[in-house]
1. Tilt of helix 166-176 relative to the longest C-alpha principal axis of the chain, in degrees (0 to 90, nearest 10)?
2. Apply the Debye scattering formula to the chain, with a single equal point scatterer on each alpha-carbon and no solvent, then give log10 I(q)/I(0) at q = 0.14, 0.16, 0.17 Å⁻¹.
3. Using 7 Å Cα-to-Cβ label points, what is the Ser29/Asp163 separation (nm, one decimal)?
4. Excluding Ala134 itself, calculate the net charge of residues whose Cβ lies under 13 Å from the Cβ of Ala134, where each Lys or Arg counts +1 and each Asp or Glu counts -1.
5. How much of Phe159 can a 1.4 Å solvent probe reach, expressed as accessible area in Å² and rounded to 10?
6. Which three semi-axes in whole Å describe the equivalent ellipsoid of region 1-69, each the square root of 5 times a Cα gyration tensor eigenvalue, listed largest first?
7. For the full complex of protein chains and a 1.4 angstrom probe, list Cys184, Cys18 by accessible area with the highest value first.
8. Ignoring everything except DSSP H segments at least 4 long, calculate the 222 nm mean residue ellipticity for the chain; use -39,500 (n - 2.57) per segment, divide by total residues, nearest 500.
Amino acid sequence: MDWFSSGRVDAFRFVRVCWDTWKEAEELSGITGGTLERNDLTAIKASGSIDYVEQPRLGHDLVRVYSDSYFSSSGERASIAQGTYLVSTPSSTYRGAVEEGSADLYSVLQALAEDAFEGPLVVPAGTVAVDEAARIVREAGLPVVASKSAAALNVPAVFDDRDASKLDAVNWLLGFAGFASAGCDGFGNVLLRPYEDPAKK
């Protein structure tokens, strides 16, 4: 599909995703726009915001953003999950009976960045670093897709619960294995992948 061809029409959909099951529950109405940003130099990689005229009732669930594209010249259609996000507490105002507001979006990595261990985590020597990173992600309730690695710690690693978030620990283990810092895809999967020189991509 030629994404640079003329005549493409894009529309966006916003879908509630249940935190407990990671299944899509319903399409959200009342969202009028927003922004999505990706920056691989930040710890959480993706963020954004949404504007609404009807506050989404999400509880602790997430929002998945789809772009639906239609090419009038060929009749082709494509739907892409642009991201699955945690939503901050919305800020609303009322204009008569109409509720307007905005809410910030954060990639699922924010859940790891805000989560600390209950006590110091000691990872024994001989532990496969990427396997341990994947375990930490799964135990935080997030889906993970990890590339294979045999890199094992030669000495124990200790993560102090007062100084290191779960994301800090995951990224340290990935760095030990020669992997890039944790990423995420459009469906909210946490990606653990070998480092690639951006100049060679």
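1. 60 degrees
2. -0.90, -1.07, -1.15
3. If labels sit at Ser29 and Asp163, their model points lie 5.3 nm apart.
4. Net charge around Ala134: +2.
5. Roll a 1.4 Å probe over it and Phe159 shows about 20 Å².
6. Whole-Å semi-axes of the equivalent ellipsoid: 23, 17, 13.
7. Cys18, Cys184
8. -4000 deg cm²/dmol, from helical runs alone.
The values are calculated or read from the model by the stated rules, or taken from the named source; none is laboratory data. Bear in mind the structure is a predicted one, so any value in this text is a computation, not a measurement. Note: ideal-geometry Cβ built from the backbone for every residue, glycine included; neighbour counts use all protein chains shown. The accessibility values were calculated without ligands, DNA or RNA, using every heavy atom of the protein model including side chains. Shrake-Rupley method; radii C 1.70, N 1.55, O 1.52, S 1.80 Å.
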